[in-house]
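Peer 1: Sharing a structure below in structure tokens format, with a few things to ask.
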Amino acid sequence: MSSQNLENLFKTGNLKSEPANQGEFNGLLRSAKARLADSANTSLAVESRFDLAYNASHALALAALRWHGYRSDNRYIVFQCLEHTLRIKPEIWRVLALCHQRRNVAEYEGHLEVGDQLLAELIAAAGLLQRKVEALAPVKPIPP
């Protein structure tokens, strides 16, 4: 994984350096898994399923970034870093970026445009993130 690219984002102020924490990592993963599982519930409204899958994918992307010892206040950057944190191909994180844009329109303008295809792609992308995050080694302890 490209720690140099993450370091460059840190140098430009897009990321903050912060030691990884196993408890935080576990909590993000646990939350993401529950949300992703709930997003598959077809009795829920499409908007609710989208919200659950989007927040699961963000928690997973953040868990990967935190595992590398970085944090960002910008959700979009967290998704962009997936290429460097989990070796996610651009076509996957671009789906997440589109969902981020749709989520922002919903949050700030009250209009959510989500079809079945985009929801399916989001759930699939979140499932891929979950598998890759679960495959990460335990967080390295902070030296005393």
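The values are calculated or read from the model by the stated rules, or taken from the named source; none is laboratory data. None of these values were measured; they are calculated from a predicted model. Cβ coordinates were reconstructed from backbone atoms using ideal geometry, including for glycine residues, and neighbour counts include every protein chain displayed. Please note that ligands, DNA and RNA were not included when accessible areas were found on the heavy atoms of the full protein model with its side chains. Shrake-Rupley method; radii C 1.70, N 1.55, O 1.52, S 1.80 Å.
Peer 1: Could you point to the residue in LEU119, ALA137, ALA97 farthest towards the positive end of the stretch 93-142's charge dipole, with +1 and -1 charges on the Cβ of Lys/Arg and Asp/Glu respectively?
Peer 2: Result: ALA137, furthest along the dipole toward the positive end.
Peer 1: Counting Lys and Arg as +1 and Asp and Glu as -1, what is the net charge of the other residues whose Cβ lies under 14 Å from the Cβ of ASP38?
Peer 2: So the environment of ASP38 carries a net charge of +2.
Peer 1: Report the calculated FRET efficiency for ASN8 and TYR108 (r = Cβ-Cβ distance, R0 = 25 Å), to the nearest 0.05.
Peer 2: Using R0 = 25 Å, I get an efficiency of 0.25.
Peer 1: Taking the solvent-accessible surface of protein heavy atoms with a 1.4 Å probe, what is the per residue accessible area of the chain in Å²? Each step should come with its number before you reach the end.
Peer 2: Working: 7750 Å² over 144 residues.
Ligands and nucleic acids excluded, the result is 54 Å² per residue.
Peer 1: Can I ask one more? At 222 nm, what helix-only mean residue ellipticity would the chain give, in deg cm²/dmol to the nearest 500, using -39500 (n - 2.57) for each DSSP H run of four or more?
Peer 2: Details: 7 runs with 98 residues, N = 144.
That calculation yields -22000 deg cm²/dmol at 222 nm.
Peer 1: Moving on. At a probe size of 1.4 Å, how large is the accessible area of GLU18, to the nearest 10 Å²?
Peer 2: GLU18 has an accessible surface of roughly 60 Å² with all protein chains in place.
Peer 1: Using 7 Å Cα-to-Cβ label points, what is the GLN22/ASN74 separation (nm, one decimal)?
Peer 2: Distance between label points: 3.3 nm.
Peer 1: Tell me the net charge near GLU18. Cut-off is 9 Å between Cβ atoms, GLU18 excluded, with +1 for each Lys or Arg and -1 for each Asp or Glu.
Peer 2: Residues near GLU18 contribute +3 overall.
Peer 1: Based on Cβ point charges of +1 for Lys and Arg and -1 for Asp and Glu, what charge dipole magnitude is obtained for the chain about its Cα centre, in debye rounded to the nearest 20?
Peer 2: 520
Peer 1: Using a 1.4 Å probe on the protein chains only, how many percent of the accessible area of the chain belongs to carbon and sulfur?
Peer 2: Numbers: 3910 of 7750 Å².
The computed percentage sits at 50.
Peer 1: Suppose R0 equals 25 Å; then what is the FRET efficiency for ALA137 and ARG30 from their Cβ-Cβ distance, rounded to the nearest 0.05? All intermediate terms of the calculation are to be shown ahead of the outcome.
Peer 2: Values: r = 18 Å, r/R0 = 0.71.
According to the calculation, E is roughly 0.90.
Peer 1: Give me the distance in nm between label points sitting 7 Å out from Cα along the Cα-to-Cβ direction at GLU83 and GLN101, one decimal.
Peer 2: Inter-label distance under the simple model: 1.6 nm.
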